[in-house]
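Some notes on the structure that comes next.
The values are calculated or read from the model by the stated rules, or taken from the named source; none is laboratory data. These figures come from a predicted structure and were not determined experimentally. Don't worry about glycine lacking a Cβ; one is built from the backbone with ideal geometry, like all the others, and counts go over all protein chains shown.
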Amino acid sequence: MVGAVTSSPAAPHTLLLGRYDGQGRLQYVGRTTTLARAAGAAVAGLLAPERRGHPWTGWSFSAGWGSKEKLNVTLVEPGLVVEVGVDVARDAAGRWRHPARRHRARPDLSPTDVPHVTSPL
């Protein structure tokens, strides 16, 4: 599900994705490739502003695998589920090493429909 975006929620550039773990904590799992303008506009209408107590408040996100550069992100309410295609490569924390390809938003699903994140292999 989407927990944050780069650029603005009104015109997202990339989506930062999370999945809940077995203890109910939203874990960052990766981000999408750059969204085409039309795809960003379609997702923008489905994003909700962050409420108090977002699970990623105070976190910083790397601009790329192995990069020290930090992303400028805007937190959003983690409720929108998106369908993505991912490479199977994961880092030591279990995050996807390569950006996910956004296929479509799934407003018909709730965060509880998404399987919990599993421990790294």
Quick check on the stretch 64-104: of everything there that is farther than 16 Å from P12 by Cβ and of a type in the set (A, V, I, L, M), which residue is modelled with the lowest pLDDT?
A89
Of S110, S119, which residue is of a type in the set (S, T, N, Q) and at pLDDT 80 or above?
S110
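Is at least one residue of the stretch 40-58 part of a strand (DSSP E or B) and modelled with pLDDT of 90 or more? Outline the logic, then answer.
First, the residues of the stretch 40-58 that are part of a strand (DSSP E or B): 49.
Then drop every residue that is not modelled with pLDDT of 90 or more, which leaves 49.
Checked against the condition, which is being part of a strand (DSSP E or B) and modelled with pLDDT of 90 or more, the stretch 40-58 yields at least one hit.
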For V29, the lone unmet condition from (1) modelled with pLDDT under 90; (2) under 14 Å from the mean Cα position of the chain (by Cα); (3) assigned to a loop (DSSP other than H, G, I, E, B) is (3)
Options G45, G24, G3, G53: the member that is in contact with a Gly (Cβ under 9 Å, 6 or more places away or on another chain) and either small (G, A, S) or without any contact (Cβ under 8 Å) to a residue 40 or more places away in the chain (or both):
G3
